[in-house]
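**Student:** Structure below; questions to follow.
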Amino acid sequence: MMDVFSALGHGFSVAATPLNLLFCLIGAVCGTLIGVLPGLGPVATISLLLPATYALDPVGAIIMLAGIYYGAQYGGSTTAILVNIPGESTSVVTAIDGYKMAQQGRAGEALAIAAIGSFIAGCFGTVVIALLGPPLALMTQKFASPDYFSLMVLGLVSAVVLANGSAFRAVSMIFLGLLLGMVGMDINTGEARMTFGLIELSDGINFVALVMGLFGVAEVISNLEGVSTRIVNHSKITSIWPSFKVLRGAWGAVMRGTLLGTLFGILPGGGATIASFSSYALEKRVSKTPERFGNGAIEGVAGPESANNAAAQTSFVPLLTMGIPTSATMALLVGALTLHGIAPGPTIISRQPDLFWGLIASMFIGNAMLVIINLPMIGIWVRLLNVPYRILYLIIAVVCAIGVFSVNNSSFDIYMTVGFTALGYILRKLDAEPAPLLMGFVLGPMVEENFRRSLITSYGDPMVFLQRPISLVLLLLSAALLISIVMPSISKRRTEVFQE
Amino acid sequence: MKRLLVAALLMGTGLSATTASAQEWPTKPIKLVVPYAPGGYTDAVGRITARFLEKELGQTVIVDNRAGGGGIVGSDLVSKSPGDGYTLCVCSVGAISIAPVAQTTSYDPIKSFKPISVVSTIPQTVIVNPSLPINSMEDLVKYAKANPGKLTYGSSGAGGLMYFSVALFDARVGTKMTHVPFKGGSPATAAVVSGEVNLSFTNMTDALPQIEANTVRALAVTSATRSEFTPKLPTVAETVSPGYAVESWNGVMAPASTPDAIIAKVSDALKKMAADPEVKKNMAVAGASTMFTTPAEYTAQITREVDQWRTLLKEISEKKT
């Protein structure tokens, strides 16, 4: 225990040099900015800035690039709350209640809770990396394909809970998402599926194009159609700062979200996304008034935002302790390290203590910077809603297009956004919510991949899902959750029958 | 008649314009397409190449990342670009030698491009989970033959080199191992570390840190000769499968219509690059060995590889039926 503190002390001496503090600040500011701009994600930004870091010393470069990544998690909720455009899969659920809060004039409240929750979660996640990094990494090694499959199943079942309206529509949306997720090259056979011969589709549908169309531009169109929602929006911005009562209500959600995020963030793949979705589902389950969810419940913002930020920190664990990148952003950081002559691997802590502890110390500093940067900005963001909509919607549309293009430098993705805008508009007319669709889209390919891989490695024995303890527990949880969703409607129907 | 004359004249001036521009080339910035995302291995090679060409040719060289379809999207773009020397590609083995054979691409690996030079090569390393009683390639073959279909190997997907190199190995030595595809080489390597799969033929860059930490056991390299990074590791060819050679390469290619004068200029520059100590140092950091080949050698290499994979695929499909 003592070594950790002396090592961390050494880390602070590395991270607190004026130059590294500057890099940390640049990273935090850049991250906040790109988080706010819809579509521009950390992957595109880090890859743009990567060549610029060649000249820097490796510790400074990584401190800056990491700052961009977790900084984007802070900023990502901003557009989700203000204009219903989640910048990343992890802030999709934030948009559900956050945007409702903004429409009720409580945007400031939502943004403040998101920032505070993110700060608490970010610091907690960093403490966990420092104290438990290596043992946690060993834990992820225990996770094999069947366990991931069962985890994804749990995620899909929670997606039903997300819906405010009918469970039938939610399930249909999940299946539509699963279908869209099937597009692209099948890794098992190398065959292209549902690509219509377009090589642009061989890597699957671009997530950013899907989100920008389904949420962003479709939202703009329905706003232009009926001005009613917007009038509510800028006529009564009642509060900017959350009251003590609101803070107390959000406290539990922040704590639960932080724990969920810390745990799921360590897992490769959709860890952070599952964390934010399951945090929302959990809050709705434990709430005494679940009917508030979808109508501006503060817990629906506090939980997922804390979860995704905690996950953003702990997703560094597999990279820093095993040298295994778990996401596109982490893979970019591996590239950055490699270019600086550092091969990230299991020996990185002992060989590069400056880098490891310096980065961890910089995460504390960076999180503090972020909350200082973000809280005063809330006033500015909220005032942004007063910009006449005829100007705001143009800005939204243009920024969405730039964001979509920046992912692959591909104009095909912009056409795809146009197509998904049409789909998003139709879904809105049908009262079908897009969040479960995105959950299906993100988790579908992973469910399939892990299911097939499990069966290959078990030589075709389906019992493997029940024989592994982790997988069994997760499947039992899914079953329990499913029953708890179905039961109330059954009992309700029964009472209806009895009343008749 | 008059119209025909005008057309002929126009064509004449057009032709002379291209030859003149070939002599003066380059007069404007060159676009170097990297068909992979930034931060990856090919991107590193692309940026090292761009920096050297910029110095050597005295023109700005812009790296343009066009990721997608395992390199097919970017390679396809270059094959359809004008052959004026201002669009070049840092292509790689997957999209050029394998994809046109294994799937349908709109380009032909030989007819659609003019290969200029291989700039870097990187072997694969045969790594196994250390809990297995397999300490050499001979052990591996013996174990695989005693337990047909039981050994599992991770790959980056059915279309990638990590799959094809094991498929070729199986066909050559007469073993049968079970293919477990992952989304990319990193998770496949991680699965060997965790023991979810037994082995993989992994890129040297991904394998080295794990070998150093003893989280995996390295048995051999797949290249024709031993690697400068692991001089103690034998090759697959010298142990159990004579003649076996699989290597990942990156090379500069131009659209097929590019004039030979420009090809020669680039080739000269790349020859100097292969001898540059700083380039060598930077390539080594990325885990790659610096290389130079003439356009003719490069073309022959691609032809040979395409042939090897085509034969293998035919063997596999014949065995299935």
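**Student:** Search segment A:401-443 for residues being among the charged types (D, E, K, R) and part of a helix (DSSP H, G or I), and hand back the single one that is surrounded by the most Cβ atoms within 10 Å (Cβ to Cβ).
**Tutor:** The residue in question is A:Asp413.
**Student:** Need a quick list: strands (runs of 3 or more DSSP E) entirely within segment B:196-311 having at least 1 residues that are farther than 29 Å from B:Val166 by Cβ.
**Tutor:** The strands (runs of 3 or more DSSP E) meeting that bar are B:247-255.
**Student:** Considering each residue of segment A:75-128, count those that are closer than 17 Å to A:Ile274 by Cβ and hydroxyl-bearing (Ser, Thr, Tyr), and give that number.
**Tutor:** 4
**Student:** Would you check which residues across segment A:14-54 are surrounded by fewer than 15 Cβ atoms within 10 Å (Cβ to Cβ) and within 22 Å of A:Phe119 (Cα to Cα) and list them?
**Tutor:** Selection gives A:Ala16, A:Leu22.
**Student:** Now for a different question. Tell me yes or no: at least one residue of segment A:295-306 is away from chain B (no Cβ under 12 Å), surrounded by fewer than 22 Cβ atoms within 10 Å (Cβ to Cβ) and in contact (Cβ under 8 Å) with a residue 24 or more places away in the chain.
**Tutor:** Yes: one or more hits.
**Student:** Give me a count of the residues in segment B:120-170 that are in contact with a strand residue (DSSP E or B) (Cβ under 6 Å, 6 or more places away or on another chain), over 23 Å from B:Ile316 (Cβ atoms) and within 14 Å of another protein chain (Cβ to nearest Cβ).
**Tutor:** Summing the residues that are in contact with a strand residue (DSSP E or B) (Cβ under 6 Å, 6 or more places away or on another chain), over 23 Å from B:Ile316 (Cβ atoms) and within 14 Å of another protein chain (Cβ to nearest Cβ) in segment B:120-170 gives 5.
**Student:** Could I ask something else about it? Is it true that some residue in segment B:39-49 is within 8 Å of chain A (Cβ to nearest Cβ), in contact with a helix residue (DSSP H, G or I) (Cβ under 8 Å, 6 or more places away or on another chain), buried (at least 24 other Cβ atoms within 10 Å of the Cβ) and of a type in the set (A, V, I, L, M)?
**Tutor:** Looking for residues that are within 8 Å of chain A (Cβ to nearest Cβ), in contact with a helix residue (DSSP H, G or I) (Cβ under 8 Å, 6 or more places away or on another chain), buried (at least 24 other Cβ atoms within 10 Å of the Cβ) and of a type in the set (A, V, I, L, M), one finds at least one in segment B:39-49, hence yes.
**Student:** Could you list all residues from segment A:320-329 that are at the interface with chain B (Cβ under 10 Å from one of its Cβ atoms) and surrounded by fewer than 23 Cβ atoms within 10 Å (Cβ to Cβ)?
**Tutor:** A:Ala328, the sole residue that qualifies.
**Student:** Let me ask something else about it. Only helices (runs of 4 or more DSSP H) wholly contained in segment B:97-174 count here; list those with 2 or more residues that are charged (D, E, K, R).
**Tutor:** The helices (runs of 4 or more DSSP H) meeting that bar are B:137-146, B:161-173.
**Student:** Identify, from the list B:Gly85, B:Gly94, the residue that is over 20 Å from B:Lys271 (Cα atoms), in contact with a helix residue (DSSP H, G or I) (Cβ under 6 Å, 6 or more places away or on another chain) and in the same structural domain as B:Thr303 (by TED's automatic domain parsing).
**Tutor:** Of B:Gly85, B:Gly94, the one residue that is over 20 Å from B:Lys271 (Cα atoms), in contact with a helix residue (DSSP H, G or I) (Cβ under 6 Å, 6 or more places away or on another chain) and in the same structural domain as B:Thr303 (by TED's automatic domain parsing) is B:Gly94.
**Student:** Now for a separate question. Given the condition part of a helix (DSSP H, G or I), in contact (Cβ under 8 Å) with a residue 24 or more places away in the chain, away from every other protein chain (no Cβ under 14 Å) and touching a Gly at 6+ places or on another chain (Cβ under 9 Å), answer yes or no: does some residue in segment A:335-352 qualify?
**Tutor:** no
**Student:** Here's another thing I want to ask about it. For the structure I just gave you, tell me whether A:Ser315 is in contact with a Pro (Cβ under 8 Å, 6 or more places away or on another chain), within 18 Å of A:Leu443 (Cβ to Cβ) and at pLDDT below 90.
**Tutor:** no
**Student:** Could you grab me the full set of residues in segment A:93-119 that are part of a helix (DSSP H, G or I), of a type outside the set (A, V, I, L, M) and more than 18 Å from the chain's Cα centre (by Cα)?
**Tutor:** A:Lys100, A:Gln103, A:Gly108, A:Glu109
**Student:** Also, quick follow-up: If you check A:Gly67, A:Gly60, A:Gly75, A:Gly27, which single one turns out to be at pLDDT below 90 and among the small types (Gly, Ala, Ser)?
**Tutor:** Just a single option satisfies the conditions, and that option is A:Gly75.
**Student:** B:Gly94 - would you say it is surrounded by 19 or more Cβ atoms within 10 Å (Cβ to Cβ), closer than 27 Å to A:Asn450 by Cα, modelled with pLDDT under 95 and touching a Leu at 6+ places or on another chain (Cβ under 8 Å)?
**Tutor:** yes
**Student:** Ok, one more. Just name the residue that is nearest to the other protein chains (Cβ to nearest Cβ) out of those in segment B:173-193 that are out of contact with any Lys or Arg (no Cβ under 8 Å at 6 or more places or on another chain) and among the polar types (S, T, N, Q).
**Tutor:** B:Ser186
**Student:** Oh, and also: Against the conditions (1) within 14 Å of chain B (Cβ to nearest Cβ); (2) under 16 Å from A:Ser278 (Cβ atoms); (3) not charged (D, E, K, R), where does A:Thr140 fall short? Just the number, please.
**Tutor:** (2)
**Student:** Please tell me if A:Leu25 is away from chain B (no Cβ under 14 Å), in a helix (DSSP H, G or I) and touching a residue at least 12 places away in the same chain (Cβ under 8 Å).
**Tutor:** yes
**Student:** Taking only segment A:33-54 into account, find how many residues are more than 10 Å from every other protein chain (Cβ to nearest Cβ) and either hydrophobic (A, V, I, L, M, F, W, C) or assigned to a helix (DSSP H, G or I) (or both).
**Tutor:** Of the residues in segment A:33-54, 10 are more than 10 Å from every other protein chain (Cβ to nearest Cβ) and either hydrophobic (A, V, I, L, M, F, W, C) or assigned to a helix (DSSP H, G or I) (or both).
**Student:** Next up: For B:Gly154, are the conditions met, namely being within 17 Å of A:Pro146 (Cα to Cα) and over 24 Å from the mean Cα position of the chain (by Cα)?
**Tutor:** no
The values are calculated or read from the model by the stated rules, or taken from the named source; none is laboratory data. Being a predicted model, the structure only gives us computed values, none of them experimental. Counting neighbours? That spans all protein chains shown, and the Cβs are built from the backbone with ideal geometry, glycine included.
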